[in-house]
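Trainee: Let me give you the structure first, and then I'll get to my questions.
The values are calculated or read from the model by the stated rules, or taken from the named source; none is laboratory data. These numbers come from a predicted model, not from an experiment. Positions of Cβ are backbone-derived with ideal geometry, glycine not excepted, and every protein chain shown enters the neighbour counts.
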Amino acid sequence: MTLERGIVAAYLLACIAIGVLASRKVLISREDYWVAGRRIGTWINALAIMAALASGGSIIGVMGLAYQNGIPYALAMFAGAVLGFPLAAILVAKPLRNFGKFTLTDFLVFRYPHPVVRYAVPLVIVVSFTAYIVAQMKAAGLTANILLGISYNQAVTGMALVFILYVSIGGMLAVTWTDVVQGLLMLAVVLLTAGMMVSRLGSPAVLMQQATTAAPMLGEVAQQPFSSYLGSFVIWAAAIPVIPHIVMRVFTAKDAHGARLSLNLAMVAYSIMILAAVLAIVPAGKMHFPALADADTIFLEVMKQEFPPLIRGLAVAAVMAAVMSTTDALLLACSSAVAHDLLGEFLSKRYSLRAVNWIAVAVAWIIGLLAMYFAYSPPALLTAFYSAAIGLLSAGLFVPVIAGLWWKKATAAGGVAALLTGSAVYLAVQFTPGTPPLSAILLALPASACAMWIFSRFRQPEEAALVAEVARLHPS
């Protein structure tokens, strides 16, 4: 255990060092803190986007989901995320980068000037992302517990303190630097593990045949209702274009072209990693460990059995990287939702820029510690849990964002109605007994779209000046 712990300790210290170095620059500039000065190149941004989405859920949770509910179910969710990248590149990357602000809420408040939007959007973001962060902390705790022998609660505490520290003081610049390293580490470890499984046990086709013979449910479609399959697909297809920790990456790009290209490159890298995990590692794990009590430990058990201490140490660092690369972006998005979106106008009138940035640091600590507390009693099946939380965000934000960018007749009344209706319908259906998992989005999105159309169609159109400002986001 000594070597593995040494590797992980070195990795965590490196993350803290990056945060300290970045803090020297970002704490004196809002633009550097929230959007890394808008100087991030295409390839760096692509790796950072991939790392931000490829969470502990991708390395731990997606494999656990495939192990428990079958590979087709996991691939349905994965396919939705893959579709979401080109949707984001086509629908939001160029106009939002041209908008040139800091957050998604900035755009929605500009497009739908109403107090409800100012307060409801950050609330939806914080609620959804806090649940998402809890799921990531569980992945870190499980990893350290199984591969390092550290107690779950100690691992969660240590991990949380590290990423809260470097995010809170280093802002988007620290998140970008660490995410690039973390993205490369994740890709390397997952592809190495998948390659080892294929070299030892046969091609992915052979692995799949052997695994489905031993455990037929692994390849069956009938594990969940069709509405769950479709719902998991729609949640992530709708989420990627509007999910704040990805959209904030659009604002960091040097220009609109770089923003669009980085999203497409991120899609390729993400696809390669997930397919390797689900089609090679999961079948091998199912054959070796057919009856795990916690499906989310499948990748960790494979690593524990198959690899020497050095590789296990890198694997722990890779899972930590997966957790931290997403959680740091989530935490920054939550911090921006409170310190910038909710309180920004109030704070900027009363405090200096440096004081406002230190308040953002405090907000990051509060949200991070709250998520850490909830992570001490974690949910089952990471991916299903945080996908349900992201469903709320998709239901509330997708229609207002897309209509606000592309439909000239969208009004503030329509935006408010779409936001509230989508969120309310999603929550009502989600918590109705007997609702198939992740299917609430199939009712919430149409309800949101109908509310947008009705309240925009029968209300006064927006002022010509606002419509002209939106049109300028789409230069020919």
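Trainee: With respect to the numbered conditions (1) aliphatic (A, V, I, L, M); (2) farther than 29 Å from residue 301 by Cα; (3) modelled with pLDDT under 85, which one is the sole condition not fulfilled by residue 201?
Mentor: Looking at each condition in turn, residue 201 falls short on (2).
To keep it simple, each residue is scored yes or no on (1) over 19 Å from residue 59 (Cα atoms); (2) crowded, with 18+ Cβ neighbours inside 10 Å.
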{"site": "248", "(1), (2)": "yes, yes"}
{"site": "254", "(1), (2)": "yes, no"}
{"site": "258", "(1), (2)": "yes, yes"}
{"site": "298", "(1), (2)": "no, yes"}
{"site": "301", "(1), (2)": "no, no"}
{"site": "313", "(1), (2)": "no, yes"}
{"site": "320", "(1), (2)": "no, yes"}
{"site": "323", "(1), (2)": "no, yes"}
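Trainee: If you don't mind, another one. Report whether or not residue 387 is in a helix (DSSP H, G or I) and hydroxyl-bearing (Ser, Thr, Tyr).
Mentor: When the stated conditions are applied, residue 387 passes them.
Trainee: Please note which helices (runs of 4 or more DSSP H) are completely contained in segment 51-169 and include at least 2 residues that are under 17 Å from residue 399 (Cα atoms).
Mentor: 71-88, 94-99, 104-111, 115-143
Trainee: Still on this structure, please answer the following. Which condition breaks for residue 424 when tested against (1) within 27 Å of residue 227 (Cα to Cα); (2) outside any helix (DSSP H, G or I)?
Mentor: For residue 424, the exception is condition (2).
Trainee: Further, regarding this structure: Within segment 450-459, does at least one residue satisfy the condition of being β-branched (Val, Ile, Thr), more than 18 Å from residue 236 (Cα to Cα) and surrounded by fewer than 20 Cβ atoms within 10 Å (Cβ to Cβ)?
Mentor: Yes - at least one qualifying residue is present in segment 450-459.
Trainee: Within segment 98-140, track down each residue that is farther than 26 Å from residue 374 by Cβ and aliphatic (A, V, I, L, M).
Mentor: 108, 109, 116, 117
Trainee: Residues of segment 278-319 being acidic (Asp, Glu) and farther than 14 Å from residue 189 by Cα, which ones?
Mentor: Hits for segment 278-319 are 294, 296, 301.
Trainee: Do we have residue 130 as surrounded by fewer than 22 Cβ atoms within 10 Å (Cβ to Cβ), more than 23 Å from residue 242 (Cα to Cα), in contact with a Leu (Cβ under 7 Å, 6 or more places away or on another chain) and of a type in the set (S, T, N, Q) here?
Mentor: So residue 130 fails the test.
Trainee: Residue under question is residue 414, and the condition is that it be within 23 Å of residue 335 (Cβ to Cβ) and crowded, with 23+ Cβ neighbours inside 10 Å; does it hold?
Mentor: Taking the combined requirement at face value, the residue does not satisfy it.
Trainee: When you look at residue 424, is it surrounded by 24 or more Cβ atoms within 10 Å (Cβ to Cβ), aliphatic (A, V, I, L, M) and either at pLDDT 90 or above or out of contact with any His (no Cβ under 6 Å at 6 or more places or on another chain) (or both), yes or no?
Mentor: No: the conditions fail for residue 424.
Trainee: Could you please give the count of residues in segment 206-219 that are over 10 Å from residue 283 (Cα atoms) and free of Cβ contacts under 8 Å to residues at least 60 places away in the same chain?
Mentor: Total meeting the criteria: 2.
Trainee: Now for a separate question. Within segment 222-310, considering only helices (runs of 4 or more DSSP H) that don't extend past its boundaries, which have at least 1 residues that are of a type in the set (A, V, I, L, M, F, W, C) and either over 30 Å from residue 127 (Cα atoms) or modelled with pLDDT of 90 or more (or both)?
Mentor: Ranges flagged: 226-239, 256-276, 282-288, 298-306.
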